[in-house]
Structure formats: C-alpha cells, structure tokens
Amino acid sequence: MWHNIAAFIIKFRVMLLIFLLATTGFMGYYALKVELSYDFTSAIPTDNPKYKDYQAFRKQFGEDGNLMVIGVQTDKFFEPSFFNDYAQLSLDLSKADSIENVLSVPYAINLFTDTATGKLKTAPLTGKLPVANTDTIKVAFQNLLFYRGSLYNPQTNAYLMAVRINKQVLNSKNRTKVVQNVIDIADAFGKKHGVEMHYSGLPFIRTEMATRVQKEMKLFLLMSFLLTAVILVLFFRSATVVMASMMVVAIGVIWSVGTITLMGYKITLLTALIPPLIVVIGIPNCVYFLNKYHSEFYKHENKVKALLRMVDRMGIVTLFTNLTAAIGFGVFYFTKSTLLNEFGLVAGINIIGLFFISLIFIPAVFSFLPEPNLRHTSYLNTKWMMNLLNTITNWVFSHRTWIYGFTIGICIVSVIGLLRLRSEGHIVDDLPKSDKVYKDLVFFEKNFRGVMPMEIVIESKRPHGFTHPEALQKMDSLESFLKEQPQIGQTLAVTDGLKFAYQGISGGDSNSYTIPSMLSQASIYSFLRVRGDKNSLLNKLISSFVDSLQQKARISVNMADIGSKQLPILLEKIQPRANELFDSSEYKITYTGTSVVFLEGSRFIIHSLRDSLIYAFIIIFGCMIFLFRSWRILLISVVVNIVPLLITAGIMGWVGIRIKPSTVLVFSVALGITVDVTIRFLVNFKQEMQWHDDNIATTVRRTIHDTGLSIIYTSLILTAGFAVFILSQFDGTKSLGYLTSLTLLLAMITNLTLQPALLLWMDKVIERRNKSADFLLDDEPDAIIKDSNI
C-alpha cells in the first residue's frame with residue numbers, strides 16, 4: 001500500500017503541491033483573524049454546580065471581575081500638592097474611555113441630612129479643585145468608617161483607588177488599550193511625585209497575562225524555528241534540507257492558527273503553545289523521512305528509488321508516531337473543560353495534518369531537487385556518533401543486569417518522590433515572585449488583605465426577607481466574622497450602606513456607624529427602595545447588593561489569593577458560622593465569585609488531565625497492539641514509556657514542584673511524544689527481523705545502529721524545542737518546558753538501553769521454550785517491498 005502511495009505522490013506531485021499551497025493560503029487568511037481570549041472561567045465545565053451558581057450571580061447582580069485597583073503608599077497623602085494632583089488623577093481616569101466610575105479618597109461620598117427637606121443627601125468630600133485646606137478633608141474622611149480598610153489603611157498609610165471598567169470592553173480586544181491607558185495616566189502621576197504605583201484586580205491581571213501570552217507565542221515560535229534550524233544544519237549540513245523542513249513546519253503553524261479561528265476559538269494560555277509545539281513535533285517527521293531518504297540513496301544512489309523507499313518504509317512509522325502524539329493531545333477533547341477541549345482538538349487535528357504535509361511536501365519537493373552529494377550524507381558515518389552507538393550496544397549486550405538494577409532502583413526512589421507530590425493552584429500561580437504583577441498583588445494583600453473577589457449570596461425563602469431588622473443584624477454578624485479571618489479584607493453588603501446612611505442621619509458621628517436597633521421595618525424598606533438620586537453611588541450600591549424583591553442579598557468579599565488548597569479550608573470555617581446565623585429552613589447560602597470559579601477550574605483541570613493520561617495510555621497502547629500484535633512487545637513498550645514519566649514525577653515530588661494544570665499537562669504531552677521513539681525503534685526491529693532469520697540478538701544490534709542516529713537527533717530537537725519554554729515569564733510554562741525536556745531525554749535513554757535489553761530478555765525466554773520469533777512479524781511478509789517491485 002505504501003509503495004503505491006509513494007508512486008502516487010511522485011506522479012501527481014505538481015497537483016499535490018498546488019493543493020497544499022492553496023490550502024495554506026486559505027488557512028493563512030483565517031490565521032490573520034485570530035483573537036486573544038480574556039476568559040478565566042472557561043476551564044470549568046458549564047454543567048458544574050459552581051459554574052451555574054456563578055452565572056446565576058452574574059445575571060442577578062452583574063459582573064464581579066471588572067474592578068481594577070491602583071495603590072499608593074505615602075505619609076504625604078494629604079499635603080495640598082499631592083492631594084490635589086491625586087484628585088485630578090481621579091477626574092482624569094473617570095473621563096478616560098470605557099471607565100464607568102472611579103472611587104477614591106478625594107471623591108468619596110459623604111452623607112448628610114438636608115436641613116430644608118429633612119432628606120438624606122450625598123456629596124463628594126472634595127469640591128472644586130484646587131483644595132487649600134486638605135486637613136479638614138482628612139478629618140472628615142477618616143471619620144467615615146465605611147471606607148476604612150477599603151480606600152485606605154491608617155496603619156500603613158496605603159491608599160487605594162478603584163476603577164470600574166465597562167464589562168463589554170473587558171471581553172474585547174480593546175481591553176488592552178483601556179487598561180494601558182489607565183496605567184499610563186497613573187504612572188505619570190507617580191513619576192511626578194516620586195511614588196511607586198501599584199496595580200491589581202482581575203481586569204489588570206487578565207489583560208497582563210493575555211498580552212504576555214501573545215508576546216510569548218511569537219517569541220517561542222521564533223526561537224523554536226531558529227533552534228531547530230541550527231540543529232538541522234549541524235545534522236544534515238544542507239541548506240536545502242533545512243529550508244524544506246522549515247517550510248513543512250511553517251505550513252503546519254499556519255494551519256494550526258487558522259484552525260483556531262475556523263473553529264471559533266481564541267488564543268488562550270494553552271492554545272498559544274500549539275504553534276511552537278507544531279514546530280517541535282513537525283521537525284522529527286522531516287528527520288525521519290530525510291534520514292531514510294539519505295540512507296537509501298547512500299546504498300544504491302538512485303534518487304527515485306530512495307524517495308519511494310523513504311515513503312514505503314517510513315510512511316507507516318510516521319503515521320503512527322503522529323497518531324500517538326495526536327492522541328496524547330487529543331484526549332483532552334474528551335474532558336468537560338472548554339479550555340482543554342479547544343487545546344486538545346486543535347493540537348490533535350494539526351499533528352495529524354503535519355503527517356500529511358510532510359508526506360506530500362518532502363517527496364514531491366525532493367523529486368525536483370538535485371541528488372544529495374557526499375557532504376549531505378556524511379553524517380550517516382559520523383565517527384563520534386558511531387562510537388556512541390557502539391558503546392550503547394556494548395552496554396546493552398554486556399551489562400543488562402546493571403541496566404535492570406539501575407532502572408529498578410531509580411524507580412523505587414521515584415515512587416517515594418511521587419508520594420510527596422502536592423496539588424495546589426493560585427490565580428496568579430504562573431507568575432514568578434519577582435514579577436511586578438505578583439509584587440503588586442502582595443502589596444494589596446499586605447495593606448488591604450487582598451483584592452480577589454468572592455461572593456456570598458444569601459437567599460431568603462420569603463419575599464422582602466431582607467427588609468427585616470433581624471436578617472440585617474445576622475448579615476452584619478456574618479460580616480464581622482468574615483473580617484476576623486486573616487485571609488479576608490474588605491467586605492461590602494447592604495448593611496454597610498445602611499450603617500453609612502445612619503451615620504449621615506446622625507450628623508456624621510462615627511459612633512453611629514451601626515445598624516439602628518430601633519429602626520422600623522417600614523423605614524428600612526423605604527431606605528432600601530429609593531433615597532434621593534437614583535444614579536448616585538449609594539443607590540447603585542444598594543441596588544447591586546439586594547435584588548428588587550429584597551429576597552436575595554450578597555456579601556462581596558475581597559480576599560487574598562490563598563490558592564485551591566486553602567480556599568476549601570476557609571469556606572469550611574465560614575460555613576458553620578453562616579449556617580448558625582441563617583437557618584437552612586429559612587435561607588439558602590451560595591459561595592461563588594471569580595476566585596471560587598477560577599480555583600474550581602484549576603482543580604477540575606488537574607483531575608481531567610489525570611483522566612486524560614489514563615485515556616491516552618489505553619488508546620496509545622491499543623494502537624501498539626494493533627501495530628505489533630504481540631503482548632510481549634506491548635509490555636516492553638509500556639515499561640519503557642512509564643519509567644521516564646515515573647522518574648519525572650518523582651523529581652517533581654523531591655524538589656517540591658506542585659501539581660497544577662501546567663505540570664500535569666507534561667505527562668500526557670510527553671507520553672504522546674515518547675511513544676513515537678518506541679514505535680520508531682520497534683517498527684525498524686520488526687522489519688529487520690525478516691532479514692536476520694528471526695535472530696533477535698542480531699536484529700537488536702542492527703536496529704540500534706539503524707535507528708539510534710535518528711532517535712538521538714530527533715530527541716535532541718524535541719528537547720531543545722521544549723526547552724525554549726524555559727524563557728517564559730510564566731512558571732507553569734517554564735515547568736512544561738524543562739519537565740517535558742527532561743522526560744524526552746529520559747525516554748531517549750530508556751528506548752536505546754532498556755528497550756533493547758528487554759528485547760534480549762525476550763530472546764532468552766524464546767530460546768528456553770524453543771519457540772520461534774515469528775509472532776513479531778506481519779501476517780503478510782510481503783509488507784516490505786522488494787527492489788523488484790519498484
């Protein structure tokens with residue numbers, strides 16, 4: 001079959017190249033339309049209860065993740081020059097594009113009773129600029145307990161400005177421009193006064209991460225191209241070979257980005273890895289094909305015959321190596337996580353696409369090119385490489401006991417390390433501690449106990465349940481309990497608005513910042529409905545914290561990024577107190593918000609990746625059974641591929657690398673790629689068996705020399721390709737880079753030492769039982785095409 005395919009490609013090479021070019025042009029058109037994703041909740045499946053709770057919350061109360069915060073720390077805040085410029089900064093930001101409102105110290109709302117009408121009215125602390133007597137404003141502001149812990153920390157002289165950004169803009173490509181404009185305006189103020197500006201909040205973090213993902217995708221793509229090109233030059237010593245290989249992977253990259261757009265997806269932290277992965281995975285295709293082409297031409301110096309033999313002998317190998325790699329990624333499609341679905345499907349499709357690109361492009365193009373000269377094939381007999389392969393062969397034949405013993409010993413140590421693995425994720429998990437985004441987050445956690453949003457929704461089972469003083473007192477008690485937790489900063493609820501209003505009614509006395517015990521139900525109901533200007537910040541606060549029926553109320557919590565391990569512990573501590581205050585027969589309590597959903601998504605991805613690894617094992621080794629039809633071969637391939645994964649997991653446990661989405665991803669990715677090397681070795685072993693009278697020992701020796709060269713070079717290319725991810729600003733992507741590189745190097749070693757050693761062990765079993773090795777061969781011995789058939 002493969003001989004006929006080879007002949008077809010050579011015969012219709014012009015038409016096939018035109019088709020390939022036209023398809024690439026079509027995919028390139030859509031690749032130019034690719035967009036970035038700013039959604040942090042797509043990791044969690046839509047049928048997950050926490051996802052449903054979050055969507056219900058957003059529908060009822062609106063977006064919780066559109067607040068960007070700006071922090072500054074100074075003891076000169078209320079000096080006239082600083083204060084007036086800070087007030088002007090608030091005004092400038094409020095007028096900026098897509099900014100809905102700005103809350104800051106100068107324009108904090110104060111409440112007072114209008115002596116003429118007797119009604120409660122609002123007014124900003126600061127009037128017309130510039131303000132001369134800032135000391136008066138300072139005294140008035142510090143008397144407003146409503147803002148303590150949210151807009152300022154009196155112990156550390158830290159001040160916070162909250163900038164609310166339009167949620168539609170936050171879900172569009174314009175968010176980068178809007179956020180950057182806020183930063184530019186604030187930085188100009190910081191530079192003028194010589195103070196450091198600190199930025200955080202989900203809009204800022206999401207935008208920063210998305211922008212960096214886009215930059216890193218371009219960097220990794222460029223680095224993977226350059227690095228693999230250098231290795232190919234050293235390997236083949238031919239500019240033509242390098243250019244052809246680069247064109248193969250370039251076509252693959254264009255197809256992959258075009259596929260993202262055609263499927264309606266966007267660039268995420270995961271899908272951004274696909275283009276450089278295509279380069280890394282596509283180059284071995286070229287190496288396998290061209291290595292076989294050169295070795296065949298070296299034998300009989302017939303270009304057409306060498307090309308036909310190349311496809312004939314390497315077509316099945318390359319198909320299965322790409323298939324197993326595609327399975328390693330493609331199994332993510334069967335998880336319930338949208339983030340993993342998209343990554344798995346796009347990667348799986350395009351890895352298979354790489355096979356067809358290389359199968360068509362390489363024989364078609366090289367049929368037009370001149371025959372390779374001696375310089376291009378000299379690498380086949382490189383002295384140091386031949387010495388290395390001879391050393392490996394000697395070890396396999398003379399020191400098998402040492403190989404078995406060392407493997408068992410290191411596996412035992414790895415299992416102990418595996419038991420030390422711990423799972424934990426954070427919202428800014430992938431950022432190094434030296435990064436300014438991380439440092440700024442720590443600034444807000446230190447001074448305001450964090451800015452990550454969590455929401456507690458309390459639903460009364462009767463209408464107007466939150467017009468009763470008893471329910472409001474319970475909510476205030478729960479807020480007090482929450483503020484006692486060191487991980488929780490500012491809380492905000494309708495009760496805070498009520499206390500703020502009562503302070504205003506009482507003439508601004510800070511001792512009156514409390515829920516009035518004698519307030520009637522009717523007056524509370526009237527207060528919750530309307531007070532003065534419907535568009536005032538106070539009324540917006542009331543309407544966004546209680547629904548129109550006064551049946552649902554929320555407590556909005558700002559908290560530290562405590563991670564997926566500590567969050568359940570915190571919730572377990574809160575729930576008993578909440579249930580004690582709000583009887584479950586009368587109230588329903590829901591814990592939601594971006595923090596809860598994001599960390600639930602992190603936990604879900606980890607479990608999904610573990611399941612995917614199991615699926616990948618089953619499917620890949622099912623392919624191995626189909627390909628080799630031998631349980632002994634299957635057993636050997638399983639052992640050879642589990643050992644590198646086990647060692648990597650053990651190292652992670654010993655050095656304290658946590659299990660999180662990026663590190664769990666290593667195992668499925670590495671499995672899909674390392675099996676390629678195993679297939680390459682075993683297919684060659686299987687083919688060589690027919691030429692050596694079923695002599696396993698002779699076949700093993702020959703296979704090490706025939707495949708060792710390409711296995712070593714492709715493994716080095718793959719290792720170097722993944723190593724470029726170490727340049728990432730994200731710790732998770734770095735982990736993916738060096739852990740995958742390590743696993744691939746270990747897989748190269750096990751495939752060239754442990755695998756042939758196990759095959760020789762199988763030879764001893766066959767000799768003792770006086771059996772033939774025919775079970776390793778195809779049912780149809782004509783599968784290998786003879787010279788006479790070409």
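The values are calculated or read from the model by the stated rules, or taken from the named source; none is laboratory data. The structure presented is a predicted model; accordingly, all values stated were derived computationally and were not measured. For neighbour counting, all protein chains shown are included, and Cβ atoms are generated from backbone atoms with ideal geometry for every residue, glycine included. Keep in mind that these areas ignore ligands, DNA and RNA; they rest on the heavy atoms of the full protein, side chains included. Shrake-Rupley method; radii C 1.70, N 1.55, O 1.52, S 1.80 Å.
Assess whether Phe82 counts as being of a type outside the set (Lys, Arg), open to solvent by less than 70 Å² (accessible area, probe 1.4 Å) and farther than 14 Å from Leu151 by Cα. Spelling it out, Phe82 is indeed of a type outside the set (Lys, Arg), open to solvent by less than 70 Å² (accessible area, probe 1.4 Å) and farther than 14 Å from Leu151 by Cα. Starting from residues that are assigned to a loop (DSSP other than H, G, I, E, B) and farther than 28 Å from Leu160 by Cβ, keep the ones in the range 548-580 and report whichever is least open to solvent (accessible area, probe 1.4 Å). Of everything passing the filter in the range 548-580, Gln550 is least open to solvent (accessible area, probe 1.4 Å).
Residues checked against (1) of a type in the set (Ser, Thr, Tyr); (2) over 30 Å from Lys33 (Cα atoms); (3) free of Cβ contacts under 8 Å to residues at least 12 places away in the same chain; (4) surrounded by 20 or more Cβ atoms within 10 Å (Cβ to Cβ):
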| position | (1), (2), (3), (4) |
| --- | --- |
| Val102 | no, yes, no, yes |
| Tyr107 | yes, yes, no, no |
| Lys121 | no, yes, no, no |
| Pro130 | no, yes, no, no |
| Leu144 | no, yes, no, yes |
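Going by what's in this entry, would Thr740 be described as in a helix (DSSP H, G or I), open to solvent by less than 40 Å² (accessible area, probe 1.4 Å) and under 24 Å from Phe626 (Cβ atoms)?
Values: in a helix (DSSP H, G or I): yes; open to solvent by less than 40 Å² (accessible area, probe 1.4 Å): yes; under 24 Å from Phe626 (Cβ atoms): no.
No; evaluated as a whole, the condition is false for this residue.
Out of Lys292, Lys299, I need the residue that is assigned to a helix (DSSP H, G or I), surrounded by 21 or more Cβ atoms within 10 Å (Cβ to Cβ) and over 21 Å from the mean Cα position of the chain (by Cα). Which one?
Of the residues listed, the single one that is assigned to a helix (DSSP H, G or I), surrounded by 21 or more Cβ atoms within 10 Å (Cβ to Cβ) and over 21 Å from the mean Cα position of the chain (by Cα) is Lys292.
Does the range 224-236 hold any residues that are farther than 17 Å from Ile251 by Cα and open to solvent by 10 Å² or more (accessible area, probe 1.4 Å), and which are they? Matches in the range 224-236: Leu227, Val230, Ile231, Val233, Leu234.
The range 89-193 holds helices (runs of 4 or more DSSP H) entirely within its bounds, and those carrying 2 or more residues that are out of contact with any helix residue (DSSP H, G or I) (no Cβ under 8 Å at 6 or more places or on another chain) and among the basic types (Lys, Arg) map to 175-193. Contact map, the range 457-470: first residue of a type in the set (S, T, N, Q), second residue part of a loop (DSSP other than H, G, I, E, B), Cβ cut-off under 8 Å, separation 6 or more or different chains; pairs are Ser460/Gln551; Ser460/Glu586; Thr467/Gln550. Taking the criterion of being in a helix (DSSP H, G or I) and open to solvent by 10 Å² or more (accessible area, probe 1.4 Å), the residues of the range 692-707 that qualify are Ala697, Thr698, Arg701, Arg702, His705, Asp706. Per the listing Ile260, Ile283, the residue uniquely touching a residue at least 60 places away in the same chain (Cβ under 8 Å), among the β-branched types (Val, Ile, Thr), buried (at least 23 other Cβ atoms within 10 Å of the Cβ) and touching a strand residue (DSSP E or B) at 6+ places or on another chain (Cβ under 8 Å) is Ile260. Only residues that are polar (S, T, N, Q) and open to solvent by 10 Å² or more (accessible area, probe 1.4 Å) were counted in the range 631-648, giving 0. Would you please name the residue that is surrounded by the fewest Cβ atoms within 10 Å (Cβ to Cβ), looking only at residues in the range 650-675 that are under 18 Å from Ile412 (Cβ atoms) and over 19 Å from the mean Cα position of the chain (by Cα)? It comes out as Val655. Residues that are part of a helix (DSSP H, G or I), of a type in the set (Val, Ile, Thr) and open to solvent by 10 Å² or more (accessible area, probe 1.4 Å) within the range 743-758 comprise Ile749, Thr750, listed in sequence order. Against the condition within 32 Å of the chain's Cα centre (by Cα), of a type in the set (A, V, I, L, M, F, W, C) and either more than 30 Å from Gln155 (Cβ to Cβ) or surrounded by fewer than 14 Cβ atoms within 10 Å (Cβ to Cβ) (or both), how does Ala6 come out, does it pass? Criteria not met by Ala6. For the residues Phe78, Phe82, the requirement of being part of a loop (DSSP other than H, G, I, E, B) and in contact (Cβ under 8 Å) with a residue 24 or more places away in the chain singles out Phe78. Residue pairs whose Cβ atoms lie under 6 Å apart, sitting 6 or more positions apart in sequence or on different chains, and linking a residue in the range 436-455 that is more than 30 Å from Ile589 (Cα to Cα) to a partner that is hydrophobic (A, V, I, L, M, F, W, C), are Val437/Leu431; Tyr438/Val428; Tyr438/Leu431.
Filtering Ser710, Ser728 for residues that are touching a helix residue (DSSP H, G or I) at 6+ places or on another chain (Cβ under 8 Å), surrounded by 20 or more Cβ atoms within 10 Å (Cβ to Cβ), modelled with pLDDT of 80 or more and of a type outside the set (A, V, I, L, M, F, W, C) leaves a single hit, Ser728. Going residue by residue through the range 185-192, is there one that turns out to be buried (at least 16 other Cβ atoms within 10 Å of the Cβ), more than 25 Å from the chain's Cα centre (by Cα) and within 24 Å of Phe730 (Cα to Cα)? No, the range 185-192 has no match at all.
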